[in-house]
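Here is the structure we will look at, set down as structure tokens.
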Amino acid sequence: MTGFSALAIGWLLTSTFAYLAIRRVEVDQHEYWMIRSYALCFAAVTLRIWLPLLQVGWGMDFIPAYRIIAWLCWVPNLLVAELIIRKLKVSRLVRTV
């Protein structure tokens, strides 16, 4: 499934970028990349939340629900991570002014 393939590539890339940032002692960048990495890692948890909701709550069969969840388990997590990162950047900008 392309959703899970994209998740795997994204998780690998975000973790690699976090590692490279900390090697360059770019602590803020490392933190931002790790937030993204954690959000992608958490897809395993959100998958287990969404699957019964779609199957029981909306009466979907397993295969169609799983195809949707292949994307639904990580894309919203990544969007929330970006909101958290944006808030961190703003608070750090305000603190330095």
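Quick one: which helices (runs of 4 or more DSSP H) lie wholly within segment 1-55 and hold at least 2 residues that are farther than 18 Å from Ile85 by Cα and free of Cβ contacts under 8 Å to residues at least 24 places away in the same chain?
On the way: elements: 2-23, 27-41, 43-52.
Filter on segment 1-55 gives 2-23, 43-52.
Can you name the residue in segment 58-97 that is small (Gly, Ala, Ser) and within 20 Å of the chain's Cα centre (by Cα) and, of all such residues, is modelled with the highest pLDDT?
Quick first cut of segment 58-97, residues small (Gly, Ala, Ser) only: 59, 65, 70, 81, 91.
Checking which are within 20 Å of the chain's Cα centre (by Cα) leaves us with 65, 70, 81.
Details: Ala65: 93, Ala70: 95, Ala81: 98.
So the residue we want is Ala81.
The values are calculated or read from the model by the stated rules, or taken from the named source; none is laboratory data. In this text the structure is predicted, and so the values were computed from the model without any measurement. Neighbour counts are summed over all protein chains in view; Cβ atoms, including those assigned to glycine, are modelled from backbone coordinates with ideal geometry.
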